[in-house]
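The next block holds one structure in the form of structure tokens; read it before the comments.
Please treat every number below as a calculation from the coordinates, not as lab data. Everything quoted here is computed from the prediction, not taken from an experiment. Cβ sites come from the backbone with ideal geometry, for glycine too, and all protein chains shown count toward neighbours.
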Amino acid sequence: MDFDIEYVTAQTDDIVISACQAFLEEDEADSCSYYLRIENNSDEKIQILGKDFNFTDDRGNSFCDNAPGFKGEIPELEPGEYFEFASSAPVKSAMAVLYGSCRIVKEEQNLVKDIKIPAVQLIGSYENGSRLN
């Protein structure tokens, strides 16, 4: 399958999140992979505490990933730095949508805030119950 990667971007205050479909080597037959880039364009250090990601496929099935951190990592970003993250979610369908938020804390203000991620359309590895190749 060849797809043009289309990034979608959302900005809340000085935090920019870009997201797109990803194609990881370790993708399993029943998963969709995605990539996120979180940029700290503010004047202060932030910490990304966790995520609240939702996946809904074209059959109405939902999966939620609201774990703290990112694969055990809780990134800290100085002004101008970014964090990249790729993962996958169980999707047994041809299409799905990823949406949700990341929870950050601005260290100087001790302010916890949810930052929306842009909604991303994901192409699954299944169509009508059979694997696409």
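Numbers for the structure displayed
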quantity: Test item: Cα-centred dipole of region 29-133, Lys/Arg +1 and Asp/Glu -1 on Cβ, debye; calculated: 440
quantity: Kirkwood Rh, angstrom, region 8-126 [1 / mean 1/r, Cα pairs]; calculated: 14.6
quantity: Stretchable slack from Gln47 to Cys64, in nm (0.36 nm times residue separation minus alpha-carbon distance); calculated: 3.9 nm
quantity: Cut-off under 5 Å, modelled amide H: who pairs with Gly50 long-range; calculated: Gly69, Arg103
quantity: Within straight-line cross-link reach of Lys116, lysines at Cα separation under 19 Å, skipping those fewer than 8 residues along the same chain; calculated: Lys45, Lys51, Lys106
